[in-house]
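These notes are about the structure you will find just below.
The values are calculated or read from the model by the stated rules, or taken from the named source; none is laboratory data. It should be emphasised that the depicted structure is a prediction, and the values quoted were computed from it without experimental measurement. Every residue, glycine among them, receives a Cβ derived from its backbone with ideal geometry; neighbour counts consider all protein chains shown.
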Amino acid sequence: MTGIQRAVVIGLLALCACGPDELLTSDGGAEPCVVDELFCNGVERIIDGACVKVPADPCDDGVDCTADTCDEATDTCGHDPQGSCASCSGGCSPECTGRECGDDGCGGLCGTCDPGEGCASGPGDCMTANGAGTCASPRALTVTLGTQVITGSTSNALHQATPTCNNTSTAVEDVYAFTITTPTGIDARSFGYDTVLHLRTTCDDDAPAATIGCSDDSAPPGDYGSRVAMLLQPGTYFLIVDGFDSSQLGPYGLEITFVDDCVPQCDGKFCGGDDGCGGDCGTCDAGFACGVDLRCRPDPCVPDCTNTDATPRACGDDGCLGSCGTCTGDALCVDATGSCETFPACDHDAPVCDGGCDDGEFCGSDCACHGVTAPLPDLVIARDRLADEILFDTVTVDANSCSVIEDCVSGLGDRRVLRFSVEAIN
């Protein structure tokens with residue numbers, strides 16, 4: 001999930017803080033609204049001094065050839081195609097011609113496979129193992145102290161296991177199995193495409209509690225790679241290289257470090273740096289050297305303050321641990337463009353739109369006016385995704401950790417954390 005999505009989710013939770021029978025009021029003395037906490041009958045808003053529900057039917061997609069349904073228990077909408085929907089604007093026609101399994105192109109499945117079989121992503125056929133590891137025939141992983149790099153491919157793999165940190169994925173996967181006899185730390189990283197890495201005590205999709213580690217994007221390795229690091233007790237484990245969705249497959253790299261009774265601490269460290277277990281957090285490729293920020297930098301490094309479109313950068317990183325400049329006053333640096341911009345202050349919990357809004361508009365959480373019937377996102381939290389992965393973990397926070405850079409913690413050292421996944425459904 002992107003940072004933007006997370007920000008939207010946080011704002012949504014704040015806007016929905018009222019409980020049953022509580023009042024939603026405005027500074028203008030408008031009529032109070034009774035917040036009934038019901039999703040299917042619309043969200044309460046104050047518009048032009050009147051209490052209205054916007055929209056009155058939150059599941060109406062405006063497409064004539066879909067049957068709209070609303071599930072109050074999960075706060076989600078359904079839009080089932082009726083007849084031939086391919087010609088209807090905004091509709092979706094499931095396509096399962098010649099497919100036994102896999103995505104139907106509309107968020108559903110063409111079918112499921114029998115036990116012992118999996119779904120081949122391309123043709124959508126139920127097949128037995130054909131090269132990659134499966135739950136029944138996993139690839140053997142040798143447990144040796146130190147780091148090993150494995151290359152593989154999921155191009156001809158099957159889909160059998162669904163990662164709990166992305167339970168909508170129908171991507172194919174490669175399955176590894178290994179056994180340890182003494183407490184052993186593991187730091188496993190997958191990269192090459194948008195991977196998802198999960199570690200289980202069993203490979204059974206019917207036992208999600210068997211998941212002890214699941215990662216969808218991590219830094220390191222970055223670039224949509226994933227990482228699982230933890231201390232394992234004696235037993236047999238399954239390490240599964242998966243994908244974000246059915247389009248993510250192909251050649252991948254898997255770097256695995258086993259450490260005797262220790263967990264490597266490399267959060268935010270892409271190279272060098274003490275991992276806390278007598279080793280370091282990685283090396284850089286030829287032509288690069290490890291910078292003081294523990295990231296690989298060009299060597300020799302030439303500062304660059306020009307964007308790809310030849311426009312100059314007024315601020316931000318120059319690529320060599322220096323700065324292209326700093327912003328003054330209330331301006332903030334936009335890293336993507338290296339420009340200094342001023343953003344109007346907005347209280348997203350109690351938004352105010354300068355100059356007010358016209359008739360038929362309301363002031364949104366972004367402090368901008370929007371039409372009552374405008375086709376805007378209607379985000380809700382996917383409760384199943386949230387419930388599927390709630391893990392407690394202990395992490396060691398140092399000065400390079402993302403949690404420090406993003407001001408998530410107030411100090412360094414060991415921290416007990418709660419890990420969970422959040423998905424916003426529009």
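A compact table of results
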| quantity | calculated |
| --- | --- |
| Filter pass, T283 being without any contact (Cβ under 8 Å) to a residue 12 or more places away in the chain and in a loop (DSSP other than H, G, I, E, B) | no |
| Residue check for P251: touching a strand residue (DSSP E or B) at 6+ places or on another chain (Cβ under 6 Å), in contact (Cβ under 8 Å) with a residue 60 or more places away in the chain, closer than 27 Å to G146 by Cα and surrounded by fewer than 13 Cβ atoms within 10 Å (Cβ to Cβ) | yes |
| Qualifying residue in segment 194-201 (condition: among the basic types (K, R) and closer than 18 Å to T147 by Cα) | no |
| From the options G273, G338, residue that is modelled with pLDDT of 90 or more, surrounded by 13 or more Cβ atoms within 10 Å (Cβ to Cβ), at positive phi and not polar (S, T, N, Q) | G338 |
| All positions within segment 236-270 that are of a type in the set (A, V, I, L, M) and either modelled with pLDDT under 90 or more than 21 Å from the chain's Cα centre (by Cα) (or both) | I256, V259, V263 |
| Residue, surrounded by the most Cβ atoms within 10 Å (Cβ to Cβ), within segment 178-202, restricted to residues that are in a strand (DSSP E or B) and of a type in the set (G, A, S) | S190 |
| Residue, modelled with the lowest pLDDT, within segment 49-60, restricted to residues that are surrounded by 14 or more Cβ atoms within 10 Å (Cβ to Cβ) and not in a strand (DSSP E or B) | P55 |
| Residue within segment 161-173 that is surrounded by fewer than 22 Cβ atoms within 10 Å (Cβ to Cβ), within 20 Å of the chain's Cα centre (by Cα) and not β-branched (V, I, T) present | yes |
| Whichever residue in segment 61-78 is assigned to a loop (DSSP other than H, G, I, E, B) and at pLDDT below 80 and, among such residues, is surrounded by the fewest Cβ atoms within 10 Å (Cβ to Cβ) | A73 |
| Residue among G107, G118, G133, G122 that is closer than 23 Å to I256 by Cβ and either modelled with pLDDT under 80 or surrounded by 13 or more Cβ atoms within 10 Å (Cβ to Cβ) (or both) | G133 |
| Check on R383, in contact (Cβ under 8 Å) with a residue 24 or more places away in the chain, closer than 30 Å to D60 by Cβ, among the basic types (K, R) and surrounded by fewer than 16 Cβ atoms within 10 Å (Cβ to Cβ) | yes |
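Condition check ((1) charged (D, E, K, R); (2) crowded, with 17+ Cβ neighbours inside 10 Å; (3) over 20 Å from S401 (Cα atoms)) across all residues:
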{"position": "C277", "(1), (2), (3)": "no, yes, no"}
{"position": "V302", "(1), (2), (3)": "no, no, yes"}
{"position": "C305", "(1), (2), (3)": "no, yes, yes"}
{"position": "R313", "(1), (2), (3)": "yes, yes, yes"}
{"position": "A331", "(1), (2), (3)": "no, no, yes"}
